[in-house]
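I have placed the structure first, in the form of structure tokens, so that the comments after it can refer back to it.
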Amino acid sequence: MKKITAFLLAAGVSLSAAAAPETYVIDGSHTYPRFEYSHFGYSNQVSRFDKTSGTIVLDRAAKTGSVDVSIDATSVNTGFPVFNGHLQGEDFFDTKKYPTISFKSSKLNFEGDKLASVDGNLTIKGVTKPVRLEVTSFHCMPHPMLKKDACGANAVTKIKRSDFNNGKYAPYVGDEVTLTIPVEAVKQ
């Protein structure tokens, strides 16, 4: 009986250890959120933000976790410095008042063992709205160079920029914006 009790206790300890939440820190050198919109119907323009930070907590066994992302809005990069400054102005991101864009999850949604989407609140220019990030790929493994566990994902959602007090020139410059977030994070 003592052996069975000891075995069950050991199994319980190893199961709880396997189900422990793991914290990953976003790798800012491999995480560049992008936004895409129609420019007068001529073409779709794609720009990005160059500075992103945050944490991702995953408990893959329990299928729970959290995502907390902070994007430096002053790092907007259109490939044209004058336009970067224009987007940082009051008509668009107003980075003097609102230097940060944030996403905080409320729920991670799994399909089997695969992370399928993340529900949460997106804050742009002081306005917070619920969004769902659809996860188009998700992969965790030991990082071959860092020799630490790492996870990566690609997520996408569509928003209306006018919902975030950022609708200047709509509808000529498209109100619908596709946000694509490629993210990589390394286990602490």
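No lab work stands behind these numbers, since they all come straight from the coordinates. Computed from a predicted structure; not experimentally measured. Please note: Cβ atoms are built from the backbone with ideal geometry, for glycine as well, and neighbour counts cover all protein chains shown.
Taking R0 as 30 Å, what's the FRET efficiency between GLU176 and PHE110 from their Cβ-Cβ distance, rounded to 0.05?
0.60
Using only the Cα atoms of the range 16-123, what are the Rg and Dmax in Å?
Calculated on Cα positions, Rg and Dmax stand at 16.9, 55 Å.
For a distance above 30 Å, tell me the whole-number percent of Cα pairs in the chain that qualify.
The share of Cα pairs beyond 30 Å in the chain comes to 29 percent.
Each residue of the range 114-124 in turn: what ³J(HN,Hα) in whole Hz from Karplus with 6.51, -1.76, 1.60 and θ = phi - 60°, glycine and Pro shown as x?
Going residue by residue, I get 9, 5, 9, 7, 9, 8, x, 10, 9, 10, 10 Hz, with x marking Gly and Pro.
Helix-only mean residue ellipticity at 222 nm, the chain, DSSP H runs n ≥ 4 weighted -39,500 (n - 2.57), per residue, nearest 500. What is it?
Estimated from H runs of four or more residues: -4000 deg cm²/dmol.
In the Gaussian network model of the chain, springs joining C-alpha atoms below 10 Å, which of PRO99, PRO21, PRO171 carries the largest mean-square fluctuation?
PRO171
For the chain, set up a GNM with springs between Cα atoms under 10 Å and report which of THR136, THR178, THR52 has the largest fluctuation.
THR136
With viscosity set to 1.306 mPa s and temperature to 10 °C, compute the Stokes-Einstein D of the range 78-188, Rh being the Kirkwood radius across alpha carbon pairs; µm²/s, no decimals.
Approximately 100 µm²/s, per Stokes-Einstein.
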